[in-house]
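Report on the structure given below.
What follows is calculated from the coordinates using simple rules that are stated; it is not laboratory data. Not measured: the values here are computed from a predicted model. Ideal geometry is used to build each Cβ from the backbone, glycine not excepted, and the neighbour counts take in all protein chains shown.
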Amino acid sequence: MLPKYHIILGFLFSLILFFISPSINILEASIIFFSSFLIDVDAYLIYIFAKKDFSLVNAIKYLSKKRRKAINLSKKQKAKISSGIRVLHGIEVLLIILVLGIFINKLFLFIFIGFLFHLFLDIIEQIYYGFRMSKISIIYDFIKK
C-alpha cells in the first residue's frame, strides 16, 4: 500500500481509537498513528542499500512506480515478486513488541497496535491484488525468497 494511504488510514484509525476508548490519551493515539506508517522504514532502508540513494522522495517515487507495475502483472508473475526481507513486517517483530509492551513499558503496546494495523492493511492489499502472501513472517519470507 502506498505511504499516503497508510498515513490517512492510520490517522483515521488512531483518531477513532482516541475517541472511542477513554483509556487512550493523545500520546498513545499519536504512537499508534506514527507506528502505523513508520514501520515502512524497512522498505526505505532496502531502497538505500539497493540504490545507494538517501532521498526519501526518490525512494517513494521508485517504490510507488514498482508497485504500480506489479499490480498489472499476471497472477503467476505476482507470485514471484519479492520486496526483500522487510525486518519490521512479520509476526516475529510483532511478538517481540507485544512482549516488550507487557513486561517493559505499555507504550510498546501502542506501537504493536500501529504495526498490527499496518500489516492488516498490507495483507488485505496482497489478497485483493493477488500478490504472494508475504509480510506474515520474516522467516517465511526469507525461506520463500
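What's the angle, to the nearest 10 degrees (0 to 90), between helix 41-51's Cα axis and the longest principal axis of the chain?
Rounded to the nearest ten degrees, it is 30.
Tell me which of I91, L17, I111 sits at the most positive position along the dipole axis of the chain, charges placed on C-beta atoms (Lys, Arg +1; Asp, Glu -1).
Towards the positive end, the residue furthest out is I91.
With 28 Å as the limit, write out which pairs from K51/K106; K52/K78; K61/K106; K52/K76; K52/K80; K65/K106 have Cα-Cα distances beyond it, or answer none. Show your work: numbers first, answer last.
Numbers: K51/K106 37 Å; K52/K78 26 Å; K61/K106 36 Å; K52/K76 30 Å; K52/K80 25 Å; K65/K106 38 Å.
K51/K106; K61/K106; K52/K76; K65/K106, as the Cα separations exceed 28 Å there.
Pairing the Cα long axis of helix 56-71 with the longest principal axis of the chain, what angle in degrees results, from 0 to 90 and rounded to the nearest 10?
For helix 56-71, the angle is close to 60 degrees.
If one takes the longest principal axis of the Cα atoms in the chain, at what angle in degrees, from 0 to 90 and to the nearest 10, does the Cα axis of helix 26-38 lie?
Result, in degrees: 10.
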